[in-house]
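Scroll down for the structure; my scribbles are underneath it.
The values are calculated or read from the model by the stated rules, or taken from the named source; none is laboratory data. From a predicted model like this one, the values you see are computed outputs, not experimental measurements. All Cβ positions, glycine included, derive from the backbone under ideal geometry; neighbour counts span all protein chains shown. Accessible surface areas use protein heavy atoms only, side chains included; no ligands, DNA or RNA. Shrake-Rupley method; radii C 1.70, N 1.55, O 1.52, S 1.80 Å.
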Amino acid sequence: MNINADVVREIIANKDIFVEFQPIYSLNTKKIIGLEALSRGDYHGETVSPYFLFRYAKEEGTVLQVDRLCREKAMSAFAKETTAPTLFVNFETSVLNDVVPGNGEILKTAAENGIAPENIVIELNESNVKDAYNLLMFTDFYRSKGFLIALDNVSTGFETQNRIMLVNPDIIKIDRAIISNIESNTYNQEVFKSIINTAKQIGAMTVAEGVETVDEVIACMLMGVDYFQGFYFSKPEQFNYIFSNEVRLKLEDAALRLNLSMKNNPTVANVKIETYKRIIYDLVNRLTGIEPERYNSELNKYVSEHNEIECAFLIDSKGFQITDTVMLPDTEILAGYTPAIYGVNHDIKNYFYAIKEQIEDPFISGWYISAATGKNCKTISSHFYNSKNEMIVVCVDLKKR
């Protein structure tokens, strides 16, 4: 089919956009943590890629219209589905050059479809924005409303660091160009590690985009990535085909290979598992059976008794923090870092998801930069049930001495 401006003009006029979804997986939990919405045009039964939609829309001056239409279609479709907690939607950042940033259109569309802001990740590629101030205004507005911000197509170079520090994303999606053959490409491995380390410093989660082989999955996992997206697990599909038996088998196979690789990997740290278990289980025992209004005081007491603990907090079964982030009054907090407060959503964090899905209990993370203090920490989590038989996830951050 010869795709031209007339074809795209007709698609836009008739709103002939359909949406497919590509899952984002956690290998730790073997679950879908989110779905990225990918829009396509439909021209009399022929599929038109988003590349052509936006290419001709830019020539016609209708990029903003197309961008909003794609997002409306994505949210409308996602609202009918319950297999994934989070929707990843792309935002065409070039429109920020011509509109008031943070005008509330995304918030309005989410409300119209009954989707809570905390269940939506806005994906940005900030390279098309001429005015960095507009981008900051946009991200600050939507983050304040509860949306998560992802930086898409992150790759290499000094510009990458600038982009990350400018946006301060909740999620960093590492570009396929870095992932390709990473198991044997030492240069890509170093770039990948650098991005992972940066993500840890700012408390962001990471997604390896475009994984196509199990070797790429294992290599990325050993270097500390959190989530995966790519053809190895599944291509963009309609909802009915998203979590097939084939995907389940691939997740199981990758997890098995990862365990074997870790056992044979001499660089894997020999952590003090029994000590970590004692710390979290002692706290769980003290919290079990007490009234919710006593949670903060009990956490304060426990933290004050253990100088190896940096902070502690509780999360409900939906991922929302139900206590303060409890730490000693003299705890040093580096500039730019803030402890999470009551009501913050943690549902995509491994320390919550692993417990909720009963994959690993207790969950013990590697060392990373705490989003609360800016210092190195290790998170341990477990759970108990309150008087209403509701699961409460207990999280403790340990200091690195």
Considering only protein heavy atoms, what is the solvent-accessible area of Ile348 at a probe of 1.4 Å, reported in Å² to the nearest 10?
10
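Please give the contour-minus-distance gain from Ala79 to Lys400: 0.36 nm per residue of separation, less the Cα-Cα distance, rounded to one decimal in nm.
Details: separation 321, 0.36 × 321 = 115.56 nm, distance 4.25 nm.
So the chain would gain 111.3 nm between Ala79 and Lys400.
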May I ask you to derive the FRET efficiency for Ile341 and Glu212 from their Cβ-Cβ distance with R0 = 51 Å, giving the value to the nearest 0.05?
0.80
FRET efficiency for Lys145 and Asn2, Cβ-Cβ distance as r, R0 = 35 Å, nearest 0.05?
0.25
Below 15 Å, Cα to Cα, which aspartates and glutamates can Lys108 reach? Residues fewer than 8 away in the same chain don't count.
Asp67, Glu72, Glu118
PRE reach from Ile273 (point 7 Å along Cα→Cβ): which of the range 349-363 fall under 18 Å by backbone N?
354-355, 358-363
Roughly how many debye, to the nearest 20, is the charge dipole of the range 315-357 about its Cα centre, given +1 on each Lys and Arg Cβ, -1 on each Asp and Glu Cβ, and no other charges?
180
Which pairs break 32 Å Cα to Cα here: Lys15/Lys235; Lys80/Lys277; Lys58/Lys349?
Lys80/Lys277; Lys58/Lys349
Report the accessible area of Lys73, computed with a 1.4 Å probe over the heavy atoms of all protein chains in place, in Å² rounded to the nearest 10.
70
If R₀ is 41 angstrom, what is the calculated FRET efficiency for the pair Lys58 and Gln238, using the beta carbon separation as r and rounding to 0.05?
0.90
If each of Phe18 and Asn245 carries a label point 7 Å out from its Cα toward its Cβ, how far apart are those two points in nm?
2.6
Dipole magnitude of the range 278-342, debye to nearest 20 (Cβ charges: Lys/Arg +1, Asp/Glu -1, about Cα centre):
200
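Extension gain Asp282-Ser304, at 0.36 nm per residue separation less the Cα-Cα distance, in nm? It would help to have the intermediate numbers written out before the result.
Numbers: separation 22, 0.36 × 22 = 7.92 nm, distance 1.41 nm.
Full extension from Asp282 to Ser304 adds 6.5 nm.
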Those aspartates and glutamates that a straight Cα-Cα span of less than 13 Å connects to Lys378, excepting residues fewer than 8 apart in one chain
Glu308, Glu310, Asp397
Computed label-point distance, nm, for sites Phe231 and Glu357 using a 7 Å Cα→Cβ extension:
2.4
The correct ranking of His383, His44, His306 by accessible area at 1.4 Å, largest first, is His44, His383, His306
